[in-house]
Amino acid sequence: MQAVWSVPDKMEMDKEKFRKMFPHLAQEMEGKEYGITITSVRSDLPTGEKASCKKFANYMPDVIDFIRRCDNEQQAEEIIGYLEKRREISNDYAKRLRKQLKEKGVRSFGSKKEDDYYLKQGEL
């Protein structure tokens, strides 16, 4: 008996044929690495949208958020300089940030924000 993937009211396709046609997609679908957990299902779209996580809705990262992604002081200095040049932070604030960076180091701004930080935190 052949394994078949089926989508209701759509189409059926043999898994081996699918794997040959779309090897990377098949690998993602079979793996757990890129999975998304669905915690609820709502048939009313507006109600579902209101219920979704709003922790980072309309959130704009600031200079500290960017610094927290840095691995070292040189990277943090580049962020400060870039935002200062674009006038997204004032010269006085940039000086205070540089002073803290020099005296206390890059981790004094907070723990390192790893890849997918907002995606992972938004699931809480």
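Computed from the coordinates by the stated procedures, all read-outs in this text should not be read as laboratory data. Since the structure is predicted, the reported quantities are computational estimates derived from the model, not experimental observations. Backbone-built Cβ (ideal geometry, glycine too); neighbour counts: all protein chains shown.
Data for the structure
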quantity: Residues D65, D14 arranged by fewest to most Cβ contacts within 10 Å; calculated: D14, D65
quantity: Amide H partners (placed H, <5 Å) of M13, local residues excluded; calculated: W5
quantity: Karplus 3J(HN,Hα) series, Hz, for region 60-75 with 6.51 cos²θ - 1.76 cosθ + 1.60 (x for Gly, Pro); calculated: 10, x, 10, 4, 5, 4, 5, 4, 5, 8, 6, 8, 8, 5, 4, 5
